[in-house]
Amino acid sequence: MSQSSQADPAKLAAARAAVALVRDGMRLGLGTGSTASIMVRELAARVAAEGLGLRCAATSTATAKLAESQGLTVESLDAIGWLDMTIDGADEVDPQLHLIKGGGAAHLREKVVAAASDRMVVIADPGKVVEVLGAFPLPVEVLQFGFETTRKLIRRALEGLDLGERDVLQRLSGSDALVTDEGNFILDLHLGQIPDPAALSRALQGIPGIVEHGLFLGMCDLVIVGREDGSVVELARDADIDADMLAHEGE
């Protein structure tokens, strides 16, 4: 039995719907995370079956290794130059298609790849769709140099946005600090809710030591939400999102 066939039905449905958008000759960005991994396997199966000619850029070392193990050819983003489409997952999606990403510690490369794409398609299960971002801790990639100073500046910025007294925790890998593909640390901001994602984005962007944060604002063009029955719902910006409907409609 293949790994895709054993995957969560909702994630598999979203991945297959996104892979169906791929056309011969496309330049694709390949996302990182559990749902994106399913997508990579489904994409590889379609390439093998149909002989599609694709050029792929990966958003992490892990995704590159997976793609190559499945028979896909991975090139650097600079070698490809520009992408027709990126398919990636998300940790949270709101009604404006704003995202929180970075649960897999790859949001820096994910954002670079998404910004170099004509279209960003996000694949998700219903549990990732929220009315307000923030229940998922917001990842912030920071330099190792001046790490504690950067954390203090982040806390000061959060206080200015009435988000003080929130945990700003370093992400670990086992008992050691997690180090990203770019050699940086991750701070996870446990905010509960983010009433104004744009204001928070601006505040974080102004802090020296922050390399990139996990708020993806105005970058996503389409969200494909898979459901347990194998169907999908496609979401556009400002859609009237009903999370319960996404989970149960069509059952």
Revision key, fill the gap. If one compares the long axis through the Cα atoms of helix 34-50 with the longest principal axis of the Cα atoms of the chain, the angle in degrees, nearest 10, works out at 30
Point to revise | Helix-only [θ]222 nm of the chain, DSSP H runs n ≥ 4, -39500 (n - 2.57) each, per residue, nearest 500 | key: -9000 deg cm²/dmol
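How large is the dipole of region 138-207 about the Cα centre if only Lys and Arg carry +1 and Asp and Glu carry -1, each at its Cβ, rounded to the nearest 20 debye? Write out the running numbers ahead of the final one.
On the way: 7 positive and 11 negative charges, 40 e Å.
Here region 138-207 has a charge dipole of around 200 debye.
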Study note, to complete from the structure: The relative contact order of the chain, taking Cα pairs under 8 Å that sit 6 or more residues apart, comes to a percentage of 24
Review point. If you bin every alpha carbon distance in region 138-207 into 5 Å steps from zero, what whole percent lands in each bin?
Key: 3, 16, 29, 26, 15, 9, 2
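How large, in percent, is the carbon and sulfur part of the accessible surface of the chain at a probe radius of 1.4 Å? Let's see the in-between values first.
On the way: 5400 of 11150 Å².
About 48 percent, which is the carbon plus sulfur part of the accessible surface.
With Cβ to Cβ distances under 14 Å as the rule, what net charge do the other residues near Arg151 carry (K, R +1; D, E -1)?
Details: positive: Lys152, Arg155, Arg156, Arg166, Arg171; negative: Glu141, Glu148, Glu159, Asp167, Asp188.
Value of the local net charge: 0.
Rolling a 1.4 Å sphere over the protein heavy atoms, what is the accessible area per residue of the chain, to the nearest Å²?
Numbers: 11150 Å² over 251 residues.
Each residue of the chain exposes 44 Å² on average to a 1.4 Å probe.
Could you state, as a whole-number percent, how many of the C-alpha pairs of the chain are farther apart than 30 Å? Walk me through the numbers on the way to the answer.
Values: 8373 of 31375 pairs.
Across the chain, Cα pairs with separations above 30 Å total 27 percent.
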Check your understanding: Tilt of helix 9-19 relative to the longest C-alpha principal axis of the chain, in degrees (0 to 90, nearest 10)?
Key -> 70
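Say the cut-off is 28 Å between C-alpha atoms; which of Lys65/Lys152; Lys11/Lys111; Lys11/Lys152 go over it?
Values: Lys65/Lys152 36 Å; Lys11/Lys111 21 Å; Lys11/Lys152 38 Å.
In this structure, Lys65/Lys152; Lys11/Lys152 lie more than 28 Å apart at Cα.
The values are calculated or read from the model by the stated rules, or taken from the named source; none is laboratory data. Keep in mind that this is a model prediction, so the values were computed, not measured. All Cβ positions, even for glycine, are placed from backbone atoms using ideal geometry, and neighbour counts span all protein chains on display. For accessibility, only protein heavy atoms count, side chains too; no ligands or nucleic acids. Shrake-Rupley method; radii C 1.70, N 1.55, O 1.52, S 1.80 Å.
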